[in-house]
Amino acid sequence: MANHSQFGFQDASSPIMEELIKFHDHALMVALAICSLVLYLLTFMLTEKLSSNTVNAQEIELVWTILPAAVLIMLALPSLQILYMMDEINQPDLTLKAIGHQWYWTYEYTDFKDFTFDSYMIPTADLPLGHFRLLEVDHRVVVPMDSPVRVIVTADDVLHSWAIPSLAVKTDAIPGRLNQTSFVATRPGVYYGQCSEICGANHSFMPIVVESVPLACFENWSSLISS
């Protein structure tokens, strides 16, 4: 999770997040190259004497038309590839339904019979030692590691947003509508998120906690919870 002195992204825990971080670094390098070129030209124009030897205007127009187009293509192609990857959902191993309420989440494991629970934030006074304030919940979402998970997101009252930055997931929860997203947790761990839509007075107090565990541990947990 993020800390106070962090300037970059959280550590990627899904393939999509890894691609997003790579694209972010790629775009920053392009921006750095453009800024360096502009700074060099400005410095050259301010320090050198004016000269009447100018390049043909047609050559200049050709350069400043083709060069920005090439830069835009360098940014657009990887961006479109990631967008299609984020939209693609193929044969998920587990389907999870997340329903936003004011101000808590309800989760349904649709592959199991009568497997649903509410997830509330733990108040600071009841928080166990070593847990994160305003981020820990009484019931975590447990998913198997290295398995495609489809999340169907909706809301019961107002707009919410189900978001976990380290898994590259952010989907709006809209009353009367089902949105879907997917992720693959590539390593075991606990991932924290929050509602990313201003949904009312307690908007900051409906966190999201996903725990990724090996498949055997998930099967044991699901059998205990559903029994």
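The GluC sites (Glu not before Pro) found in region 66-143 that occupy coil by DSSP, while having at most 15 further C-beta atoms within 10 Å, are E88. Under a Gaussian network description of the chain, with springs only between Cα atoms under 10 Å, the residue in L20, L96, L72 that fluctuates furthest is L72. Taking the DSSP bridge list for the chain and keeping only pairs wholly inside it, about 70 percent are antiparallel. Just L159, L37, L167 to compare: in a GNM of the chain, with alpha carbon springs under 10 Å, which one fluctuates most? Result for the chain, Cα springs under 10 Å: L37 fluctuates most.
Each part reduced to its alpha carbon centroid, region 96-142 and region 4-35 end up 30 Å apart.
Across region 91-227, the mean sequence separation of Cα contacts (distance under 8 Å, 6 or more residues apart), normalised by length, yields a relative contact order of 27 percent. Considering only W105, T181, L83, the residue lying farthest towards the positive end of the dipole of the chain is L83, judged by Cα position with unit charges set on Cβ.
Placing unit charges on the Cβ atoms only, positive for Lys and Arg and negative for Asp and Glu, gives region 2-143 a dipole magnitude near 440 debye about its Cα centre. Please state the shape class of region 15-87: rounded when a/c is under 1.5, otherwise prolate if a/b exceeds b/c and oblate if not, all from the C-alpha gyration tensor. Oblate shape, in that a/c is at least 1.5 and b/c is the bigger or equal ratio. A Gaussian network model of the chain, with springs between Cα atoms under 10 Å, assigns the largest mean-square fluctuation among F115, F44, F23 to F44.
For the chain, the solvent-accessible area works out to 63 Å² per residue, with a probe of 1.4 Å and every protein chain left in place.
Which one, V137, F44, M74, is farthest towards the positive end of the dipole of the chain when Lys and Arg carry +1 and Asp and Glu -1 on their Cβ? It is F44. Per-residue ellipticity at 222 nm computed for the chain from its helices equals -12000 deg cm²/dmol, with DSSP H segments shorter than 4 residues left out and the rest contributing -39,500 (n - 2.57). Counting protein heavy atoms only, region 94-226 has 54 percent of its accessible area on carbon and sulfur, 1.4 angstrom probe. Taking amide H atoms as placed 1.01 Å from N in the peptide plane, the amide H of L94 lies under 5 Å from those of R150, each 5 or more residues away in sequence or on another chain. Loop exposure criterion: trypsin sites (Lys or Arg not before Pro), DSSP state outside H, G, I, E and B, at most 13 other Cβ atoms within 10 Å. Applied to the chain, the longest stretch between such sites is 50-112.
The values are calculated or read from the model by the stated rules, or taken from the named source; none is laboratory data. Every value quoted in this text rests on a predicted model; they were computed, and no experiment measured them. Using ideal geometry, Cβ is built from the backbone for each residue, glycine included, and neighbour counts are taken over all protein chains shown. For the accessible areas, the whole protein counts, side chains as well, though only heavy atoms, and no ligand, DNA or RNA atoms are used. Shrake-Rupley method; radii C 1.70, N 1.55, O 1.52, S 1.80 Å.
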